[in-house]
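Take a look at the structure below.
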Amino acid sequence: MGSGVAKYCHPVSFTSGNISFVISDILLHNGQMAYYDIFNGDADGICALHQLRLQHPIDSTLITGLKRDINLLDQVIPEKGDQLTVLDISLDKNRAGVERVIEMGAELFYADHHFAGDAPL
């Protein structure tokens, strides 16, 4: 679990190999800086996260969905200073969520190979 995570609303969790996943409707935490890894639940997303965290390990909350479940930023309510890493989900389809978390003061690292459209902000 990520630093500062207090509770989930309607959580679902599962483990695949050595990786544990948490899917939730809305994720809340207790005011401490939190780290979130948000990624597509297909091979691209899982491999991207695995490679990133092998090189840059971090204690984070993992948020994913099934292959086409990509509106994952809607599941996080970040606080200022929280760090979100988003991998393998279309920026074009998550623009509103990206703009929302940036406006809330979260730091965002976004890596993807799908259609992006115009860059936010």
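The values are calculated or read from the model by the stated rules, or taken from the named source; none is laboratory data. Predicted model, so just to flag it, every value in this text is computed and none were measured. All Cβ positions, glycine included, derive from the backbone under ideal geometry; neighbour counts span all protein chains shown. Just the protein is used for accessible areas: all its heavy atoms, side chains included, with ligands, DNA and RNA removed. Shrake-Rupley method; radii C 1.70, N 1.55, O 1.52, S 1.80 Å.
Quick notes on this one:
- Answer residue from segment 49-71, given it is over 10 Å from ASP37 (Cβ atoms) and assigned to a helix (DSSP H, G or I) and is nearest to the chain's Cα centre (by Cα) among those: HIS50
- Of all residues making up segment 82-105, the number that are more than 13 Å from ASP37 (Cβ to Cβ), part of a loop (DSSP other than H, G, I, E, B) and touching a strand residue (DSSP E or B) at 6+ places or on another chain (Cβ under 7 Å): 1
- Lone qualifier among LEU73, LEU84, LEU66, LEU62 - being closer than 19 Å to GLY41 by Cβ, open to solvent by 60 Å² or more (accessible area, probe 1.4 Å) and of a type in the set (A, V, I, L, M): LEU66
- Take the conditions (1) open to solvent by less than 60 Å² (accessible area, probe 1.4 Å); (2) among the acidic types (Asp, Glu); (3) closer than 21 Å to GLU103 by Cα; ASP42 misses just one of them, which is (3).
- One residue stands out in segment 56-71 among those that are among the hydrophobic types (A, V, I, L, M, F, W, C) and at pLDDT below 90: the one that is farthest from TYR110 (Cα to Cα), namely LEU66.
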